[in-house]
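Data block below; observations after.
The values are calculated or read from the model by the stated rules, or taken from the named source; none is laboratory data. The structure displayed is predicted, hence computed values, not measured ones. Using ideal geometry, Cβ is built from the backbone for each residue, glycine included, and neighbour counts are taken over all protein chains shown. The protein model used for the area step is the full one, side chains on, heavy atoms only, and it has no ligands, DNA or RNA in it. Shrake-Rupley method; radii C 1.70, N 1.55, O 1.52, S 1.80 Å.
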Amino acid sequence: MTALRTAVPARADVPREATWDTDSIFASPGAWETAFARVEEGLPAVAAYAGRLAEGPDVLAGYFAAAEELSALLGKVFVYANLNYAVDTLDMEAQARADRARGLSARVQAALAFAEPELLAVGPETLGQWAAEHPPLATYRHYFDMLARRAPHVRSAEVEALLKQAADPFATAAGIHGTLTNTDLTFAPAVGADGAEYDVQQGNINKLTFDPDRAVRRSAWESYADAHLAHRNTLAACLSAGVKQNVFLARARGYESALHAALAPNHIPVEVFRALLETFRRHLPTWHRYWGLRRRALGLERIAPYDVKAPLGGDAPAAVPYEQAVAWIADGMAPLGPEYVEAMRRGASEARWVDRAPNRGKRMGAFSSGTPGTNPFILMSYNDDLLSLSTLAHELGHSMHSYLSWRAQPFVYARYGLFAAEVASNFNQAVVRAHLLEKFRGDRAFEIALLEEAMSNFHRYFFVMPTLARFEQEMHERVWRGEALTAATLTDRMADLFAEGFGPDVEIDRDRVGSTWMQFSTHLYANFYVFQYATGISGAHALAERVLSGKENAVEDYLGFLRAGGSKYPLDALRDAGVDLASPEPVEKAFAVMAGYVDRLEALVSAAG
Ligand SMILES: [Zn+2]
């Protein structure tokens, strides 16, 4: 087999400026050990509050202060260990530290588990009174409100303890699915039109689907689907167990449905979920128009799912080195003001938030991670192209959200959920894209590349994710009704949903398209997680439009949303920033933006005739 991969360097050979500065958390593994020991030593003092929280507001305030100090230090211990493991999974010492940090975290969670049931026993009314009369507790008003909303669904302490203990064995279904697809699956090589063979792996399958050679795309896509299909029954058993777990927990806590159970903690009405899917479905013709454009541009009678990312532009656009990407992202984000831009630019360059070079043993994908008191670090493998630029813009959106929230909020609200997170990240992509589309107007190859990057981003967030959300909802409803999920029912329904999304210009290979659910080993186990990518991209475009059109207070409103962190329910925080995700309007707007991309791409592609 031809190894068409350039040699990837060992971790030790990556230049320092391309690595993140985890020494800024702990100067050495020795300093990390010291902090680890301090967390262990601090545990008994916090645990000693058990049984005492009802004594009064002073005791409760003392508990919060102690628990937060311990959690803050634990956060640093955890982040340092996990980041250093993520960049070199071959480093056994880093692995051991990550393992120990996970164990320590579980011990701290267990030691603090008494607090919620005790607070619920005190009762929302008394807690509200304490918050009103006792200044150190005023901050916790929203936290008490979140607790109160969950109260009707919290079982007795004994049952809650049992349910928490069940979480680990329950996670086995997703674990088996992931182990099978990430470790045990082997993929037949892809074969190009010239007979050259290409390795297919989890790490490069996405890249192969962008290949200009249709034979490479087709064989890679088929190889990837076929490897999953070979284990369809085992994977169906895993997913069925995962869905049953969600249904079981929803019933055990007295929710109306698994969907209600998933959305309630963030105070998101189920109507938001339903309206998203409804609006998505109504606008599928915009997607059909895009597939039709691709079919004509590629000169095919019908396209296949492996053609949805085939390059339309002809010549490859110029490379985008990392420093160039940082400069363009900074230019694009200028409307948010110099303070935001300078913090972001510094983070992406001299402050070394970003670990950007590929190296052996480094985790795939990209993420932003950290904790109050550390930098908001970013892991990615930067490839000198527009997709990498866009990924960097996305992750910097997350990192700046954390940066501003960690500075503005007390510890209890420093974190925020995915619903808000994906607005901040997609906002940066939307704004940077708008800037580059304007800057490169007239540069045909670059414009096409920009629009194709935009469409591949929309494809994942605004086509695949909502389709998976429809699937997820139906599968949960079936299990709720007591019906069985088999490989055949899952694959059939998945194929139907994609057939509807692809429309008349796309040829569907039902088994392989239907295997898409097998290819998401984490998302579909996360209990109504994926729809938040679609609401995220919608909210982002609505807010970007406000900022770019110069609407009064739009910038301050947006920065206020970032600084709000977890101090408000996400729908409220977004409404305060100027977008109502409970209405269909932002989703409609995102489709309008997408339709604009399709028009522009159509004009560019047909201009070449
Ligand atoms: Zn993200």
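Numerical summary
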{"item": "Accessible carbon and sulfur surface of the chain relative to its total accessible area, %, 1.4 Å", "result": "52"}
{"item": "Straight-distance crosslink candidates among aspartates and glutamates, where the alpha carbon sits under 12 Å from LYS362 and sequence neighbours closer than 8 are dropped", "result": "ASP88, ASP91"}
{"item": "Cα gyration tensor shape for region 168-312, rounded if a/c is under 1.5, else prolate or oblate", "result": "oblate"}
{"item": "Within the chain, longest stretch free of exposed GluC sites (Glu not before Pro) [DSSP loop, at most 10 other beta carbons within 10 Å]", "result": "1-300"}
{"item": "Partner aspartates and glutamates for LYS551 [C-alpha distance under 18 Å; skip if fewer than 8 residues away on the same chain]", "result": "ASP576, ASP580, GLU585"}
{"item": "Neighbour cut-off at most 11 other Cβ (10 Å), DSSP loop, chymotrypsin sites (Phe, Trp or Tyr not before Pro), region 16-108", "result": "none"}
{"item": "Prolate/oblate/rounded label for region 516-609 (Cα gyration tensor, a/c 1.5)", "result": "oblate"}
{"item": "Size of region 354-481 as Cα extents on the principal axes (Å, biggest first)", "result": "53, 43, 34"}
{"item": "Accessible area expressed per residue, the chain, with surrounding protein chains retained (probe 1.4 Å, Å²)", "result": "42"}
{"item": "Those lysines that a straight Cα-Cα span of less than 17 Å connects to LYS309, excepting residues fewer than 8 apart in one chain", "result": "LYS207"}
